[in-house]
Amino acid sequence: MNTYNNSVVVKFDTKVNGNAGVLTPVTVYLTGTATKANLFSPAGASIDNPVFTNSTGNYTFDIEDGFYDIVINEGFLSEVKIENQQIATVVPVDAITGHYDTLQDAISAPIIVGQIITTTGYHTVNDGGAGQYIVVAGGTGTDDGGSYLDMVNGNQLELIKELSITTKQYGASGDAVEVDTTAINSLFESAGTDKNIAEGIYLCNPLPATNKSIAGSGVLSQNIQDGSMLSVYDIDSKNIGPLNITANKTQGGSGHSIVDRDSKFSVYSKITANGMGGRGFGVLSIVENANAPNKANSYTDLKFIGDSTNKEEGNDSGGLLLADNEFCMSSNIYTSDLGQFGTYELKNTSAYNAAVNIVSNKNENAIYFGTETNTDTPFNIVSNVISYNSDYAGLNIGQAKKCIIDNSIIVDDDQSTSSQPHGATFQNAEDIVVSNIKLDGFDDDGRAVYPLRFRGNSNHNFVSVTSNIPNGNLIKSQDTAYKNSVRVDMAHFKSIFERSTTIGDPAKYDGTENSANIYAPFSGEFLGSSSGGYTWMPSFVNAPALFSTDKWRMLDGNGAARAVVGSVSQTGYKFVAGIGTVDVTYTNIVANTNKGLRIDLGFNDNNSQNDHLELSGNEITPSVDNNVSLGNAQKRFSQVFAGTGTINTSDERLKTVLLDISGSERLCALEIKENIRKFKMLDSVNEKGLEKARVHFGVGAQTVGDIFRNHKLAPENYALFCYDDWGDSPEIKSLDGSIVDEKVSAGNRYGIRYDELAMFILSAI
């Protein structure tokens with residue numbers, strides 16, 4: 001029997017101001033129960049429970065040695081609870097009256113009530129089960145092999161519990177042979193203090209639920225296939241771990257390594273689970289009380305290892321599953337060879353959770369947000385994910401909304417057992433941001449490979465990716481997925497459109513407000529828009545397969561169309577520009593009618609008519625008869641190849657009255673005939689040399705002009721004589737820096753129309 005004294009200060013106040021709790025009820029319960037303890041006066045008489053404080057806030061009572069919950073002002077806002085309070089005589093070392101090698105030795109000893117003894121071991125000396133005991137009257141407690149033990153003389157030994165009690169103090173062997181279920185059950189069911197799994201391998205069946213902290217260097221090794229190894233419930237600010245579990249499950253076995261129910265503000269740390277070959281998770285955090293979601297727990301330094309030899313149907317193991325959790329933090333999680341689910345999975349209404357540093361090695365998924373049709377899991381964030389050889393997906397994003405996944409490396413190659421390996425797959429996901437994904441090593445190898453896949457009603461999702469996909473498609477969009485955006489920052493191929501999409505519905509990328517888009521800055525490509533407009537920098541585009549009428553367009557600063565794939569009024573390609581530039585319209589491409597390709601040449605010299613060329617059938621024709629030149633004095637054609645000669649219009653209906661040649665003209669023509677010479681062109685001589693340059697026959701234009709003037713005739717009045725000049729022309733380069741047009745200085749050039757000159761000379765002979 002011990003006397004307990006204390007005082008009460010009103011909650012939210014301090015002893016400094018002397019605000020004592022006067023006539024405040026103090027209720028005493030057996031720890032962890034709703035059972036009131038028996039209280040006594042200093043004289044040993046029974047007194048009421050609760051007791052009340054006096055005028056100075058003090059209270060006192062006598063009570064049997066043990067652990068108690070003391071509740072002050074129960075049921076009021078100022079309620080204070082002192083949990084797991086030990087009330088016992090502090091035994092000085094010199095009060096210890098006996099020492100025994102083993103607990104069995106102490107049980108057989110003729111010691112009496114009140115004596116204190118110590119043991120060196122439980123079964124054998126130094127086996128880890130050493131303890132300190134007080135002798136109490138028989139029947140004080142129930143013999144559970146740890147807290148109370150029946151003695152041969154009818155008394156009992158009561159374990160004097162320290163901060164932590166161990167498996168060895170309850171008789172567990174930890175030899176990996178003997179089944180220690182009963183001993184560990186007794187440990188977990190005992191009142192007070194934390195539970196310690198001492199060094200050893202404890203073969204045991206699934207253990208009962210406990211709400212105490214559990215840690216230790218020993219291993220809990222599951223003895224049967226089914227059932228969860230460890231269950232904790234309703235824990236608040238407790239610690240689970242360091243802890244080692246061997247699940248010992250094969251295909252068909254079910255149950256979790258740890259089940260966490262209705263916890264908050266607790267830490268799960270340094271937990272390892274091996275042998276997870278059946279159905280179940282390393283840590284399953286769920287809610288049984290719907291009004292109290294698991295909240296603000298921490299899960300860190302977790303390692304879960306499955307069965308690499310058996311990952312077929314029925315091996316549905318996973319890592320950490322948070323179901324209906326809020327504000328939880330997870331970090332440093334490694335898993336290997338888990339048959340289904342994910343290294344890190346969120347389900348149901350889990351929200352406002354954060355996870356960092358996830359490493360997944362040959363599992364079904366690395367990250368799994370919800371199921372395909374389950375309740376939303378909104379406002380979660382995951383950062384730094386490595387997924388290696390996932391059997392389904394690196395990132396499997398189901399019915400999730402408004403989440404962020406950042407910095408992921410997804411590698412999938414021939415070590416993946418999946419027939420459909422995915423990098424990131426979206427199923428009914430919405431408003432998900434997945435940034436900085438590195439995709440590498442996907443090899444179709446006869447399989448259906450989906451590096452990025454949008455399914456179901458997935459919409460308003462954004463993915464930025466760097467890819468090294470050697471073959472196959474990069475992006476697959478299907479079902480009713482829309483308004484998803486993919487940015488390809490780098491890829492090991494020249495065009496995303498070579499690897500980009502399998503588009504079941506081209507309208508998903510048609511430029512309407514509901515379309516999706518793919519943007520690749522590295523190649524200058526942009527497909528689709530969710531705003532209804534385009535900013536397009538073209539590279540390789542397989543246009544007939546991707547575009548529909550009037551959907552692809554370049555716009556100027558005022559919103560006017562400058563380039564359209566599919567014109568406003570008709571099918572085809574139309575490049576539109578302003579005055580002084582070139583318009584190109586490709587009309588009737590489908591029907592392939594007579595207009596063909598039209599090249600608008602800009603306005604003529606009088607700025608009154610827009611001239612153009614039309615290429616159709618077997619003709620190239622100008623828009624206006626007899627108004628368009630082929631080449632000019634500055635930029636000449638070198639030669640013209642033709643199957644037949646040229647046709648010059650000679651219709652008399654188009655000419656003035658035919659006149660005879662004059663005497664002066666006849667003399668001029670004959671003199672020009674006498675001046676026909678053979679010569680070689682200087683540019684040919686410069687290129688080929690004098691000997692190899694070819695010989696030409698003709699006249700000098702300047703000489704012809706002088707002869708005309710000598711006969712009082714103006715050469716400019718005759719079509720056979722030509723003169724042209726031009727101004728300076730600057731150098732023009734393309735966007736890539738290559739020269740399109742070289743710089744040309746101002747100059748002039750004389751010319752002769754030889755067909756006209758021949759007729760002139762013949763008329764004089």
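Here are the numbers:
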{"item": "Ordering of 263-270, 70-77 by packing [mean C-beta count within 10 Å, highest first]", "result": "263-270, 70-77"}
{"item": "For G32, distant residues with modelled amide H under 5 Å away", "result": "D69, N84"}
{"item": "Cα gyration tensor category, rounded, prolate or oblate, for region 621-690 with a/c compared to 1.5", "result": "oblate"}
{"item": "Normalised contact order of region 323-422, rounded percent, pairs of Cα under 8 Å and 6 or more residues apart", "result": "25 percent"}
{"item": "Residues with amide H under 5 Å from that of Y4, placed H, sequence gap 5 or more", "result": "F61, D62, I63"}
{"item": "Sequence-distant residues sharing a close amide H with I409 (under 5 Å, placed H)", "result": "V385, I386, S387, K438"}
{"item": "In sequence order, calculated HN-Hα J values of region 325-331 (Karplus, 6.51, -1.76, 1.60; Hz; x Gly/Pro)", "result": "9, 10, 6, 8, 10, 10, 7"}
{"item": "Per-peptide average of other Cβ atoms within 10 Å, ordering 37-50, 663-676 highest first", "result": "663-676, 37-50"}
{"item": "Whole-Hz ³J(HN,Hα) from phi, Karplus 6.51 cos²θ - 1.76 cosθ + 1.60, for region 656-664, glycine and proline x", "result": "6, 4, 5, 10, 7, 6, 7, x, 5"}
{"item": "For peptides 346-355, 391-400, 201-210, 703-712, sequence by mean Cβ density within 10 Å, most packed first", "result": "391-400, 346-355, 201-210, 703-712"}
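Coordinate-derived values only; no laboratory data. Just so we're clear, the structure is a prediction, and the values are computed from it rather than from any experiment. Counting neighbours? That spans all protein chains shown, and the Cβs are built from the backbone with ideal geometry, glycine included.
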